[in-house]
Structure formats: C-alpha cells, structure tokens
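Working notes for the structure below.
The values are calculated or read from the model by the stated rules, or taken from the named source; none is laboratory data. What you see is a predicted model; the values in this text were computed from it and never measured. Quick reminder, even Gly has a Cβ in these numbers, built from the backbone with ideal geometry, and neighbours come from all protein chains shown.
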Amino acid sequence: MDISYNPNEIEKKWQQYWRDNNIHEPLDDFSKPKKYILSMFPYPSGAIHMGHVRNYCISDAIARFYRKNSYNVLHPMGFDAFGMPAENAAIKHKTHPKKWTYSNIENMKNELESLGLSFSSRREFATCDSSYTRWEQRFFIDMWEKGLIYRKTAYLNWCPNDKTVLANEQVIDGKCWRCDTEVIQKEMDQYYIKITDYAQELLDSLDSLEDKWPSQVLIMQKNWIGKSKGLNFSFKLDAKSQDIVKDISEIEVFTTRADTIYGVTYCAIAPEHPIVKTLLQSDFLQRDIIDKIIKMQNMPTKERSMSEKEGVPLGISVIHPLTQEILPVWVANFVLMDYGSGGVMSVPAHDERDFAFAQKYNIPIKEVLISESSDLPYTQEGKLKESGEFNGLFGQEARNKIIEYFEKNQLGKSIINYRLKDWGISRQRYWGAPIPLIRCEKCGLVAEKDENLPVNLPEDVVIDGEGNPLDKHPSWKNCKCPQCQGDAIRETDTMDTFVQSSWYFLRYTSPKNSWDKVAFDEASSKYWMDVDEYIGGIEHAILHLLYARFFTKALRDLGYTNSNEPFSNLLTQGMVLKDGAKMSKSKGNVVDPNAIIKKYGADTARLFVLFAAPPVKELEWNDNALEGAYRFIKRLWDRSKNILATDSIPQIEHSSLNQKEKNARKKVYEALCKSNDIFEKKQSGYAFNTLIASCMEALNALSEQESKFVWTEGYFILLNILEPIIPHICWEISKKYFNLKNMSEIPVDKAALETENVTIAITINGKKRGEIQTLPNMNEKELLQACKSIVSKWLDNAVIVKEIVIPNKIVNFVIKQ
C-alpha cells in the first residue's frame, strides 16, 4: 500500500462498519451449527484493565474464527452491576449507586469497543436492569414456593457504630473497615438457598466435565462439596448436667474417623451452640467464663479460623456411648455452628487441632492407634488398641465394624455428609435485587404477586454507610399484603450478587425483544445452551461456577431450561503480571490499555496479549514485546503492496515453482493447518502464540521469494488466519485486494505441504559441524553412514559413545573427550 499504516483511522472505520451492519449479531437460523462463546462478564468499575483485555481478546479470537467458518456464533457481553463497591463509591463521591454504575458501564462499553471486540450489542444488559431483576425475583418466588429457599437465624458481622452488616472482606483485624469499631456477631434472620439438596448431583455431574474443565478446578469443586461418609451419633449429658441444662439432653456429632472413637477425651461445642445459649441465660456460669464466650461469639468467622485455638470449660459432662466414661464439655473457638450440628468429638492423640487444644488446656490424651512413630498426633490409618472388642482391626474395616455396632444397638447411624452448606443470600444493603417477600402479621411471609414484579429499589435514598437504606426509607417498605390486602411490611434485604451471575448466561440466549415476556426463550435456550467455551479467571473456580451449576439444575427442575450443566468447556486464563506481580493500583504497576491503543492501535494490543504467552499461563508484561507486535503488524501492512487484486485464491501449480516459492507456500499452509488445530482441537489450550509464530515464519518465507502469485495466495490465507487476532488490519487489506472474499473457510492444498527434501543438521557433542539434504524419513542406518562421511575429519580417531537421531532435523554424535 502507498499510504502509511494508521491504526487509529483504520480501527475506527471498521468498528463503525461492524456496528452499522450488525456483523457480530447471532442469526435466528437455528438450522446452522452454533458456537456459544462466553467470557465472564465484568463489574462496571469504570475502566478496563489488562486482565479484561486478555480475557476478551481470547474469547473474541475464538468467536471470530467460528463466525468466518460458517457457524452461528453467540458472543455476548454484559455487566455484573449490583454490589457493595457501588455503595462505597456513592459514599465516597456523594453520588447515587445507579448513576455511578450506569456511567461506568457507558465508559467501559466505549473502551471495549475500541478493542474491536465482536460482542453482540443486541443482547447486552446490566444485572441491575429492572427487566433482569423482574425474572430473578420470579425465580426466587418459584424456589421459595418449592421449598428451595427458607429463612432462619444466623450470626452476621455487625458494626455497632455504623449499625450495618459487614461482608467478611470488610472486617479487617476484627474491626470495621470504615470506622475501626470492633465488629461483633449479631444473630439475624437470613434467607438460604438449599443448594445442599443438589450436593450429590453437583458432585456426580463433574464426571461429565472430565477433559473439558481444568483438572484443578474439578478438584476444587469436589473438595468444596466435600462428600464424606461417617458416623452420626450423640453424647448423652450425664444426670447432673441434665439438671443444669434442662431442655437439652445430648450433643449430636459427626465423625469420619469412627475408628478413633475410643480415643475421645473431651467434647467441644461452638460458642453459639444451643447448650451455650441456655447456660448464658442461667446463673450457672461464672462471669469470667461468660466474658470469654461472648468474646468468641463476637469474633468474625474469618478471624476465628486464623486465631489461636481457645476455649473454656462449661462445667458440664457427657457420657461416652461405648465406654460410659464421663467426658468434659468445652466451648472451643474452632467449632462452628454453621458446620454440622455445632459439636465435635475430640480425639487429641489423632487430630492436630484437638491435640493443640488438649495440650494448651492439659486435657488427657489417649492413643488408640498403633503407629511406628511415637510422635503425636498420629493422624494416619492404624491398627486399633485400647478399643475393646475392636482391638486389632485396621482402617476402613475398623470403621465399618464400629458403625455397624452403633446401628445395631441404635446408638447412631451411618450417613453421608457434605462440607457444602446452604447458600446464604441475604444482604442488608441497598444496591441489590430486592427479595420479593412481604411480612404480614396475619398471613406471615407472603410472596409478591407476579404482576407486581419487579420490586424496584427506591431512588430517593440516603447512603451514608449507617444501617440499611431500605429499612430506613420512610415509605418504601410499607405495602399491602398480596393475600389479605392488609397493611404489611416489604422485606428490606437484597440478594447476594452471586445470584445475578448464576444465570446471566441463560439470559443471553434470547434477544432483547423477548425479555419482557420471558426470562429466556425456550427454543433459543435449547439451541444455544450449553456454553461451548467459557473463559475467565481461576479465582472463580469455586463459588461462581458452583452457584451457576446449581442454578442451571434448579431452573431445569422448575421447567425453565433443558440444560444440566451450563458450561461444556472451561478455559481459565492466567493473570497479567508486571515485574513479577499481579497488576494492581496498590502496587503501582498498572498498564493502561487505552494508552496502548492510542499509541499503537488495538490490533497491537490484541496481538501482544495473545502472543506473549498461552492463555492458560501467566503473562508477564514486556514493553519490548509490545513494540515487536507493532513492528510485525506494520510489516504486514507495508509488504501488502506485492498483492494482486483478486476475488478468489490464485490457482498455483506447485510442482512448477522454485524451492523458495515452494517453501513459502509450505509455511503458509502449515500456518493454516496450525490455525485449524489451535481453534478446533484446542491444541495446548488455544496456544495462539504458536499460531502467531507460524504466521511470522510464513511472512518471512514469502519475503524471500518473488512470485506475486505466491504473495497473493499467501496474503489471501494469512489475512484469514490472522483476522481473529488482529481483525482491523486484516479487514482493511482484505477489502482493498480481495473484496473480503478470503474471509471464509479455506481448504488446504496438500501438495504445498509435501516435502521433497529436508535439511538435517549434523552435530558433534551438540556443536554443528555440517548438514545434509535428503529425502524425509531416510533409513536411519543409511543416514548415519552418510552423516559420518560428511563430518569424518571430526570423527577420525574418536570414540563414538552415542548416536542420536531426531527424524528430519538433527543427527548428533556424542564422542568421548
């Protein structure tokens, strides 16, 4: 081309063209093969960062490849817009969360568009849109009526000064992040989704994702669900303790190590256990004990798990179900009420946590497993001792026999337990989807009528960080009961933002013109689901993915979808680093994507992030590599002047070409084959870096020959290969010379890939001493003989220790030195 490369002008031109012509919108033709490519949507913080750039360039490359290869492609984008940061920003900037959020969305949309990302604009939404909230509230009501959502009291982080509930991340060293007040645990009503009803299915269906999801994600999901088989039983309170506690007669526990039950020397319960509550209301406990318990109760769960093991004796006892020994009951800070029944059997000789606690408080330690080591605690399998009739049994057999004894004598039973707990979704905050329930003194908790959905947030609120703005609003919560029409109070809790991100992928399957009528159209959902490729960070490997998997199954059972698993394939991209650390404002190592686009263009930014490292690996920022990406694109532009204008790929007789022309065609078609392998076979987790390297080799090989027909064919193919990666320049050159006729699937000319001769390097002790040209895959014995003759002067009088042949590449002779 005669004019110089101007990325700013070219990129704006094509971004406008794609937008005006709806090039990236999915088609309504459900007879076509489909690909649903999805990146995890961003929180609208106001500006994109390099992590966003990398994530969305990966998904965009995949979407563009399949779109130009005749697939119907859904590649949507939206914004995960509710949540605590918006309220914090409202306080800081004295603005409204809604105004702040939508302003940020507009800014980020412009930034994303400047990268040339091929997102569908007709399916874009924010989770704070009332049309989205309306269906989320419908799902809530459906789950409530089915019994999948329930209400119970639970302990929450509470700031007495600000009179507000705090998320775990807002509690720093046990204090409120805003006012530095000591945080306490306050018992409040909460709503829970019974995700545990799906625990076994969530576990079982992970098998269908083997080889499709990263193995570490599957392991993390399995561990989080945490299936375990064990013994559930109770310690009875002795007669004296029963008189003290009155209404409670036993402490229920669960153990996976029934084989160690004879080693129990104390029973530990949570500070929130019902027995503790009863004793705190009596005059049995001494003041110092009460103070210590209250301190434990007020400690946030996160802080409790990180602190030193502490406890107090309650002065009551339980009876060992097998030995009838009297065992003391302790309150311990490491026992949580949210896990199991809030009580544990403590075996200090064979459990690290129990051992540390017992040592600190001089509680007896009793060994019941024979081990070669004398060090305690011994936590492995062992043969039983000091265990009555079960002495001599080992491991699983011992556990089975003891559980069998418990069941036979009606002392307990074998159960399957899960680490997974029900999902608490209540948030005492303003900027979230309101929970669509109403409290009526006559009718109890009542769901809002469907015709009254969505329940929208009031906009005339004061957000100062003190208390729940919805609860303080003078009129919003006052309403009529949907059943008796009497005066009632609207629920002022809002939903956890994980709820919004648990079904957004289903929303994308339908166009906007259907969103008022349905959450997502049945036919569209059936066609597009499941997501063919889901791209996002490893930090979402547990909660988001687990909740999305649960929601898909729950909505299936409610009749909304046919999907069992939302994401067929998962790609977890690595972080973007600079100077060895993750980019962040606090570290002062942030690189501004907008500055890169302004200086070099979006294609350079895209090429760099896809070439610097494979998607699944961490990407280390490198200014020189960024400059190198720009130089390659400029070279691609400058050398396009050798192209002949044509509407079809040139027909070339390969056998009539000289060696340099043949080599150029071979490199170009190797790059085309590499492209198909990378995208269709997901070679090395979409190793775009190897594909780009192949294209660079092909451009070098084209530069070493002079045939304009080979040049033209080479560009016809290379622009097709590179379009998913650097689309703007590819569309510009393709339009000028090929009228975009090269932007569809191109067959491979097998003749171009045939190799007449290969050049093999001959090395001695790794140092090159010569080379030989020969037919591919020459007989090894003949090849070695020929190579020896070529480098004979280095082998004369030498002792050959080893002969190494790398087919069609290297022959190395290792000689004794």
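Please work out which residue is nearest to the chain's Cα centre (by Cα), limiting yourself to the range 480-511 and to residues that are surrounded by fewer than 18 Cβ atoms within 10 Å (Cβ to Cβ) and part of a strand (DSSP E or B). Here the answer is I489.
Any residue in the range 608-620 that is closer than 12 Å to G51 by Cα sitting within a Cβ distance under 9 Å of a residue that is among the polar types (S, T, N, Q) and in a strand (DSSP E or B)? List the pairs, counting only those 6 or more apart or interchain. Filtered contacts from the range 608-620: P615/T572; P615/Q573; L619/Q573.
Of F608, F632, F551, all but one fail to be in contact with a Ser or Thr (Cβ under 6 Å, 6 or more places away or on another chain) and either acidic (D, E) or in a helix (DSSP H, G or I) (or both); the exception is F551. Yes or no: R439 surrounded by 15 or more Cβ atoms within 10 Å (Cβ to Cβ), more than 34 Å from the chain's Cα centre (by Cα) and within 17 Å of M188 (Cα to Cα)? Taking the combined requirement at face value, the residue satisfies it. Restricting the range 191-233 to residues that are out of contact with any Asp or Glu (no Cβ under 8 Å at 6 or more places or on another chain) and hydroxyl-bearing (S, T, Y) leaves a set whose member that is surrounded by the fewest Cβ atoms within 10 Å (Cβ to Cβ) is S215.
Would you call F716 assigned to a helix (DSSP H, G or I), modelled with pLDDT of 95 or more, surrounded by fewer than 22 Cβ atoms within 10 Å (Cβ to Cβ) and not β-branched (V, I, T)? Give the derivation first.
Working: assigned to a helix (DSSP H, G or I): yes; modelled with pLDDT of 95 or more: yes; surrounded by fewer than 22 Cβ atoms within 10 Å (Cβ to Cβ): no; not β-branched (V, I, T): yes.
Considered against the rule, which asks whether it is assigned to a helix (DSSP H, G or I), modelled with pLDDT of 95 or more, surrounded by fewer than 22 Cβ atoms within 10 Å (Cβ to Cβ) and not β-branched (V, I, T), F716 comes out as no.
Only residues that are more than 20 Å from the chain's Cα centre (by Cα) and of a type in the set (D, E, K, R) were counted across the range 191-236, and they come to 5.
Being surrounded by 16 or more Cβ atoms within 10 Å (Cβ to Cβ) and in contact with a strand residue (DSSP E or B) (Cβ under 6 Å, 6 or more places away or on another chain) is the filter; apply it to the range 731-764 and report the residue that is farthest from E713 (Cα to Cα). Among those that are surrounded by 16 or more Cβ atoms within 10 Å (Cβ to Cβ) and in contact with a strand residue (DSSP E or B) (Cβ under 6 Å, 6 or more places away or on another chain), it is I764.
Looking only at the range 100-114, filter to residues that are polar (S, T, N, Q) and part of a helix (DSSP H, G or I); which one of those is surrounded by the fewest Cβ atoms within 10 Å (Cβ to Cβ)? Before the answer, list the steps.
Quick first cut of the range 100-114, residues polar (S, T, N, Q) only: 101, 103-104, 107, 110, 114.
From what's left, part of a helix (DSSP H, G or I): 101, 103-104, 107, 110.
Values: T101: 26, S103: 13, N104: 22, N107: 15, N110: 11.
Result: N110.
If the condition is being surrounded by fewer than 15 Cβ atoms within 10 Å (Cβ to Cβ), in a loop (DSSP other than H, G, I, E, B) and modelled with pLDDT of 95 or more, then the range 356-379 contributes N362, P364.
Hey, among the residues in the range 249-285 that are of a type in the set (S, T, N, Q) and crowded, with 18+ Cβ neighbours inside 10 Å, which one's farthest from Y405 (Cα to Cα)?
Our first condition is that a residue be of a type in the set (S, T, N, Q); within the range 249-285, this holds for 249, 255-256, 260, 265, 278, 281-282.
Subsequent filtering for residues that are crowded, with 18+ Cβ neighbours inside 10 Å retains 255, 260, 265.
Working: T255: 15, T260: 14, T265: 21 Å.
Applying the filter and picking the extreme gives T265.
Has the range 614-627 got any residue that is part of a helix (DSSP H, G or I) and among the basic types (K, R)? The answer is no, given that none of the residues of the range 614-627 is part of a helix (DSSP H, G or I) and among the basic types (K, R). The residues in the range 680-713 that are in contact with a Phe, Trp or Tyr (Cβ under 7 Å, 6 or more places away or on another chain) and either surrounded by fewer than 20 Cβ atoms within 10 Å (Cβ to Cβ) or of a type in the set (D, E) (or both) can be counted, and the count is 2. Considering (1) at pLDDT below 95; (2) under 24 Å from E732 (Cα atoms); (3) assigned to a helix (DSSP H, G or I); (4) of a type outside the set (V, I, T), the lone condition that W637 does not fulfil carries the number (1). Selection within the range 640-661: residues that are of a type in the set (S, T, Y) and part of a loop (DSSP other than H, G, I, E, B). The member of this set that is surrounded by the fewest Cβ atoms within 10 Å (Cβ to Cβ) is S648.
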